[in-house]
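Data block below; observations after.
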Amino acid sequence: MASLADALGDALVSSEVQPGVDVWVRVDAGAWVETAQTLQGQCGMAYFNFLSAIDWQPSPFGRDMDAVIDREDDGEPAAPADLEWGITGGEQRFQLLARVHDPVGHLGVHVKCDLEGDPPEADTWTVVYPGADWHEREAWEMFGINFRGHPNLAHLYLPSEFEGHPLRKDYPLLARRVKPWPGIVDVELMPGQDDAEDGEDGDDS
Amino acid sequence: MTAPTQTRQMAYIAGQASDARVNVELETEGMTLNIGPQHPATHGTLRIIVRLDGERVISAEPVMGYMHRGYEKLTEVRTYPQVTTLINRIDWLGSFANEVPFILAAERLMEIEAPPRAQWIRTALFELSRIANVVLFLGDMGVQLGAITPVFYAFRDREFVLNQIEAVTGGRFHPNFDRIGGLKDDLPKGWVDETRGVLGRIRSFCDEMENLVSGNEIFQARTRSIGVIPADMGLAYGLSGANIRASGVDWDLRRDGGVGLVHDQLDWKVWTHPDGDSFARYWVRLQEVREACGMVEQILDGIPSGPVMAKVPRIIKVPAGEAYVETENPLGIMGYYVVSKGDLVPYRVKIRSASFNNVSIVPWVLRGVYVPDVISILASLYFILGDIDR
């Protein structure tokens, strides 16, 4: 990790190491491509694993994404919740998340990066890892992240006339709008059952 | 004094003309060939638009999305135990293996560990799904190249493996058997002995394939030095599984990953091949089926006794955090990046499926090959459409 921090230099914003488990680093958006070059060139991270994004703005429709009319408190839509970030923190709504791996030293690193702007923009990784091509197309259509310098930013899964970015949290799950999902009932306790019987490690979180 | 110049000029013009004539004679017409969406080589509905110059491929562009089911969005509205039902359907030939990394990621966030017996049975089912999956590939590879017989052998012998999976889980294709903290149930009576018999059949199936297919002259001519993927290209595109090991990269997460399963307690070998061509990918998979048979046999001998379920709360709430777990699935590396906010449902699940990366190299590897080789390369890369589209 120390050598990783040295190699990344000023670009490193924050990092977290879970010993024996995983490594996360968060880098500056301006140094997104340099990070990839450093990881591939100096750290032996030749293997491109995946690239995606996380939308940290919780859904305005609530957890179940049911239609408002089906909820008990069908009043005003709730005020936008505060953003809470996960490991290595964050500053912006959209975060890029990528993972590269060293197939010889058997070490993988998650790289995160905050994206500014609307639509959020980032530089493309395809110049370093050609495999990032499809992953960036997927992130572009699912999250609306614009990758500067990408050779062919076209729809991957969705029809070319599709509008919207489905994996953004404010994109409604249309099936749930039509019909609330009955499956959510399954996790409620059956009448007469008591959660306490599960013992001392019961659920109180 | 103009004569030499004129002579030279005439010679030049004649040369131009003859060049032009040759060009005209050999000019080939560009053509666009559409492969799929319904094609036996596409394992589902993958469409590939191939631009040809004569018999040679200039560019190939896969078109996906015919089977996109939006699992990453759907996981955000399912509780953790319900998610396994969805992810069963990603790689439908080796379903149980899909559940394992997700369950392991949830267990890591909850800081629960499955009891040893559950881990051993998990590994046995994990390897059985690999056998069921790859056996079909071995037969299918033959049928893509015009040999019909192997696929019937493959379907015949795969059924025995599916029967064993069904005997434990109740489902041939979608077991939905793995639980956070262990397994749904214990093994049925007599299963261990029956499975030994089935593994014997699979071993003889592998020998049959070796006799029927591997040494066949036509098969060799159609696969040797076809679709060569150098190791550095494979790594940069994120290829995994047998595809990257066939390019000489000695990397297998069952040996090098070390999460949750008991592969490190078994005696087995990671097979690699230096060539990186279609034949190498076929050959590595054939050896891996044999290794998997050996692994399951060792597991059957060594399953410890004890419970199959750890103590978990009835309502599963996963503490806030992020975890990424990847395992070496039949098709390659499959991983789940789970973001939890301490709720009943995951906040975000990134599904890193093997075939998506494996197929992303298709435009690169198909450039410059001949049309019949397109099929042999696609077949040897071995993808499942559910695993690409998710």
Next on the checklist: Going through B:123, B:149 one at a time, which residue ends up being polar (S, T, N, Q) and open to solvent by 10 Å² or more (accessible area, probe 1.4 Å)?
Outcome noted: B:149
Next on the checklist: Given the condition acidic (Asp, Glu), surrounded by 17 or more Cβ atoms within 10 Å (Cβ to Cβ), touching a Ser or Thr at 6+ places or on another chain (Cβ under 9 Å) and more than 13 Å from chain A (Cβ to nearest Cβ), answer yes or no: does some residue in the range B:281-289 qualify?
Outcome noted: no
Item to check | Evaluation of residue B:220 against (1) modelled with pLDDT under 90; (2) open to solvent by less than 30 Å² (accessible area, probe 1.4 Å); (3) among the polar types (S, T, N, Q) (one fails), failing number | outcome: (2)
Checklist entry - Name the residues in the range A:123-157 that are out of contact with any Leu (no Cβ under 7 Å at 6 or more places or on another chain), of a type in the set (A, V, I, L, M, F, W, C), free of Cβ contacts under 8 Å to residues at least 24 places away in the same chain and open to solvent by less than 30 Å² (accessible area, probe 1.4 Å), would you? => result A:156
Next on the checklist: Every residue in the range A:4-25 that is surrounded by fewer than 20 Cβ atoms within 10 Å (Cβ to Cβ) and either under 23 Å from residue B:237 (Cα atoms) or β-branched (Val, Ile, Thr) (or both), please.
Outcome noted: A:4, A:13, A:17, A:21, A:22, A:23
Checklist entry - Out of curiosity, is residue B:324 in contact with a strand residue (DSSP E or B) (Cβ under 7 Å, 6 or more places away or on another chain), of a type in the set (Phe, Trp, Tyr) and farther than 27 Å from residue B:268 by Cβ? => result no
Checklist entry - Looking at (1) within 20 Å of residue B:208 (Cβ to Cβ); (2) at pLDDT below 90; (3) open to solvent by 10 Å² or more (accessible area, probe 1.4 Å), which is the only condition residue B:174 fails? => result (1)
Next on the checklist: Return the residues of the range A:21-55 that are at the interface with chain B (Cβ under 9 Å from one of its Cβ atoms) and in a loop (DSSP other than H, G, I, E, B); say none if nothing qualifies.
Outcome noted: A:21, A:46
Next on the checklist: Please go through the range A:44-56 and give me each residue that is open to solvent by 20 Å² or more (accessible area, probe 1.4 Å) and either modelled with pLDDT of 85 or more or touching a Leu at 6+ places or on another chain (Cβ under 6 Å) (or both), ordered by number.
Outcome noted: A:46
Checklist entry - Just wondering, is there one or more residues in the range B:263-278 that are in contact (Cβ under 8 Å) with a residue 40 or more places away in the chain and open to solvent by 50 Å² or more (accessible area, probe 1.4 Å)? => result yes
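Select, from B:325, B:359, B:339, the only residue that is without any contact (Cβ under 8 Å) to a residue 40 or more places away in the chain and in contact with a Phe, Trp or Tyr (Cβ under 9 Å, 6 or more places away or on another chain).
Going through B:325, B:359, B:339 in turn, the sole match is B:339.
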Item to check | Residue ranges of helices (runs of 4 or more DSSP H) in the range B:176-294 with at least 3 members farther than 30 Å from residue A:133 by Cα | outcome: B:191-209, B:217-223
Item to check | Every residue from the range B:31-64 that is under 19 Å from the mean Cα position of the chain (by Cα), at pLDDT 80 or above and open to solvent by less than 40 Å² (accessible area, probe 1.4 Å) | outcome: B:48, B:62, B:63, B:64
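Would it be correct to say that residue B:190 is open to solvent by less than 60 Å² (accessible area, probe 1.4 Å) and without any contact (Cβ under 8 Å) to a residue 40 or more places away in the chain?
So residue B:190 passes the test.
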Checklist outcome for this item: Scanning the range B:339-371 residue by residue, those under 18 Å from residue A:138 (Cβ atoms) and in contact with a strand residue (DSSP E or B) (Cβ under 7 Å, 6 or more places away or on another chain) turn out to be B:339, B:348, B:349, B:350, B:351, B:352, B:353, B:354, B:358, B:359, B:362, B:363
Item to check | Members of the range B:346-370 that are open to solvent by 10 Å² or more (accessible area, probe 1.4 Å) and within 20 Å of residue B:111 (Cβ to Cβ) | outcome: B:347
Checklist entry - Name the residues in the range B:342-355 that are more than 7 Å from chain A (Cβ to nearest Cβ) and not hydroxyl-bearing (Ser, Thr, Tyr), would you? => result B:346, B:349, B:351, B:354
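Counting just the residues of the range B:75-92 that are out of contact with any strand residue (DSSP E or B) (no Cβ under 9 Å at 6 or more places or on another chain) and in a helix (DSSP H, G or I), which one comes out farthest from the other protein chains (Cβ to nearest Cβ)?
So the residue we want is B:86.
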Item to check | Residues located in the range A:26-42, provided they are open to solvent by less than 40 Å² (accessible area, probe 1.4 Å) and free of Cβ contacts under 8 Å to residues at least 60 places away in the same chain | outcome: A:31, A:38
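The values are calculated or read from the model by the stated rules, or taken from the named source; none is laboratory data. Predicted, not measured: the structure shown is a model, and the values here were computed from it. Don't worry about glycine lacking a Cβ; one is built from the backbone with ideal geometry, like all the others, and counts go over all protein chains shown. Protein only, heavy atoms only, side chains kept; ligands, DNA and RNA dropped before computing areas. Shrake-Rupley method; radii C 1.70, N 1.55, O 1.52, S 1.80 Å.
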